[in-house]
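Step one of this worksheet: look at the structure below.
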Amino acid sequence: MKIATWNVNSLRVRLPQVLRWLDTHRPDVLALQETKTEDRHFPVTEFEAAGYSAAFCGQPTYNGVALLSRLPMEVFAAALPDFNDPQKRVLAAAVGSLAVLNLYVPNGQSIESDKFRYKLEWLAQLNLWVTALLDKYPQLAILGDFNIAPADRDVHDPRVWVGQVLVSEPERAAFRQLLKHGLRDSFRLHQNGGGFYSWWDYRAAGFSRNQGMRIDHILLSPALAERSLATVIDREPRGWERPSDHAPVMAELGR
DNA sequence: ATGGCGCGCGCAGCGCGA
């Protein structure tokens, strides 16, 4: 089984690339973030023609998440519970024996910003929810754009980013809190080195110089981590014409 | 070196992303 995540930075613009990538890799589930697409405009028929059913939770201009699946899918949440938030950043579904939680974690903008406080509150509420989810769904995968580089090896030049949003200690502490539940960063089950990124700035030729960050993740519950065969960041679409600034990340599960 | 690009919105240029 293959599950994947991709921040597409507008599904309207990136639809041909998503269809191309699905056709090549045929994941069972693909979680999308930053669809920036209202539900009434979601390209359901295009994905159905490709063999995927779709669940989506969108809004105009900003945010928006979706799940594509080749297997029957039953949505059980479209928001963080007990957290009043108009921003569409969460979509959770049961797919076969798995529970899949698609997240678009707030960016935070800057440490001084109100948006940063919102990010930390959002992450705290997520941590509360994950405790309950793991009880109910032992086979839980949490995937998406976390907007957190967990460690300095996930940042091209940590000195430039010290104390900034995406790498600050409070954000990393929230990420570690998720791992304390027993969740594993699936990429790190298979690769210990640095220099592996999932996002590169459009500016300053970030991709061609591999100046990026690893902020898109697939976390696996203990039961799923045991089944983990591989997790790869596919850099290829980042090199296509008019790319998203994020690359897809895909995990392969055995048994 | 904090701009640099790309997106939506909407028709100029701004807010936002990371």
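How do A:Y62, A:Y197 stack up against each other in accessible area, from largest to smallest, with a 1.4 angstrom probe?
A:Y62, A:Y197
Could you work out how far the C-alpha centroid of region A:211-228 sits from that of region A:1-63, in angstrom?
Centre-to-centre distance over Cα atoms comes out at 20 Å.
Note down the magnitude of the dipole of chain A about its Cα centre, charges +1 on Lys and Arg C-beta and -1 on Asp and Glu C-beta and zero elsewhere, to the nearest 20 debye.
Value, rounded to 20: 360 debye.
Of A:E46, A:E171, A:E241, which is the most mobile in a GNM of chain A whose springs link Cα atoms less than 10 angstrom apart?
Judging by the Gaussian network model, the answer is A:E241.
What is the gain in length, in nm to one decimal, between A:R203 and A:I111 on full extension, counting 0.36 nm per residue of separation less the C-alpha to C-alpha distance?
31.0 nm
Give the ranking of A:H246, A:H41 by solvent-accessible surface, highest area first, calculated with a 1.4 Å probe.
Reading off the accessible areas and sorting them downward yields A:H41, A:H246.
Report, largest value first, the span of the C-alpha coordinates of region A:131-230 along each principal axis, in whole Å.
Largest first, region A:131-230 extends 45, 29, 21 Å along its Cα principal axes.
Highest mean first, how do A:205-214, A:182-191 rank when packing is the count of other Cβ atoms within 10 Å averaged over residues?
A:182-191, A:205-214
Kindly report the accessible area of region A:168-255 per residue (heavy atoms of protein chains, probe 1.4 Å, no ligands, DNA or RNA), in Å².
I get 45 Å² per residue for region A:168-255.
I'd like the Kirkwood hydrodynamic radius of region A:87-158, using the inverse of the mean 1/r over distinct C-alpha pairs, in Å.
Computed over Cα pairs of region A:87-158, the Kirkwood hydrodynamic radius comes out at 13.7 Å.
State the dimensionless ratio Rg/Rh of chain A (Rg: radius of gyration of Cα atoms; Rh: Kirkwood radius).
0.93
The values are calculated or read from the model by the stated rules, or taken from the named source; none is laboratory data. This one's a predicted model, so the numbers in the text were calculated from it and none came from an experiment. Don't worry about glycine lacking a Cβ; one is built from the backbone with ideal geometry, like all the others, and counts go over all protein chains shown. These accessible areas exclude ligands, DNA and RNA; they are computed on the full protein's heavy atoms, side chains included. Shrake-Rupley method; radii C 1.70, N 1.55, O 1.52, S 1.80 Å.
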